[in-house]
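So the structure is just underneath, and the comments pick up after that.
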């Protein structure tokens, strides 16, 4: 299986908490409408209620309200300057970001992205800010910055929540949410689903508009459901694992789950299946033959953080680029502190033998596998809950 199976997994539904009713999605750094992993911040159908931008002055306009004061921080615990938004979780309908950066917003109810702007002028409604006053947004895209958005867990504000999927059916994932007893904080069964076949099909087809890789699954959702259920596997897992794997190597192998792939040698080592159906069966057989019982159990063997803490590292080769996202999953805080020093203050390690190279250990791998597991569950929650 692929050594580094999870690339750009920053847009999961696992969050930092700044207040009981406001939750923050993990930060992203990309700038792409088609990259649902790292290209934008937010979840279609769930109102943005807070914004953090690193390296810029910025402000937000509150739906049915006005412009809030300018801030310049990046800290969800700093209610004065650390983020833009209200502590009550009011929906946001426009943002303004300084620094001549390009940015854009996605309209929640209309279901499309507004044109990209780069100015910072509240008096210019055309290019001075991103948004359409009176129309809440559900996603933000900012070039050249690290940024994050928040949502409100109490539906009373009209912002929606990760579990309810409020919003109209015209904005990506909002139309696929089903009341099937799925709690976004729960673990994920590898073996059972609460969805009917039609609910599963509807969810996959509706989600294909914002998880672009699902287009190969949308017309085959019924097949996925039948094969999975008949073999005692949760069909939601088949979809969530493919998203987390980046659908690689893809249709050329009928293998969307990185089965038997090794980094740098994908074309040589990846498993090949004669049909889409055989690929689904191959993934299912992998789960059964390895005796996985939980997502965390599965991810312990499915992903690998790498041999060394390269600084900064890369998404494909592992290293310090991952640390900010896995730090909270360490149970041994002393080890986390050691790695933090290596990645933030230690010597530069470009490759083994050059600089201060620290080997990874079992605790590092466990933290990474927990992160990978929770991220995969997040994709499942986003589509099926």
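Values in this text are rule-based calculations from the coordinates and carry no lab data. Because the structure is a prediction, the values reported are computed rather than measured. Positions of Cβ are backbone-derived with ideal geometry, glycine not excepted, and every protein chain shown enters the neighbour counts.
Quick look at the values:
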| quantity | calculated |
| --- | --- |
| Virtual spin-label span in nm between residue 269 and residue 337, 7 Å along Cα→Cβ | 3.7 |
| Highest to lowest packing among 233-240, 338-345, 364-371, scored as the average C-beta count within 10 Å | 233-240, 364-371, 338-345 |
| Potential lengthening between residue 197 and residue 324 on full extension [0.36 nm per residue; Cα-Cα distance subtracted] | 41.9 nm |
| Modelled FRET efficiency - R0 51 Å, residue 121 with residue 285, Cβ distances, 0.05 increments | 0.30 |
| Segments 60-66, 40-46, 272-278 sorted - mean Cβ within 10 Å per residue, highest first | 40-46, 60-66, 272-278 |
| Per-peptide average of other Cβ atoms within 10 Å, ordering 29-36, 200-207, 322-329 highest first | 200-207, 322-329, 29-36 |
| Additional length obtainable on full extension of the chain from residue 100 to residue 314, 0.36 nm per residue less Cα span | 74.3 nm |
| Stretchable slack from residue 345 to residue 70, in nm (0.36 nm times residue separation minus alpha-carbon distance) | 95.9 nm |
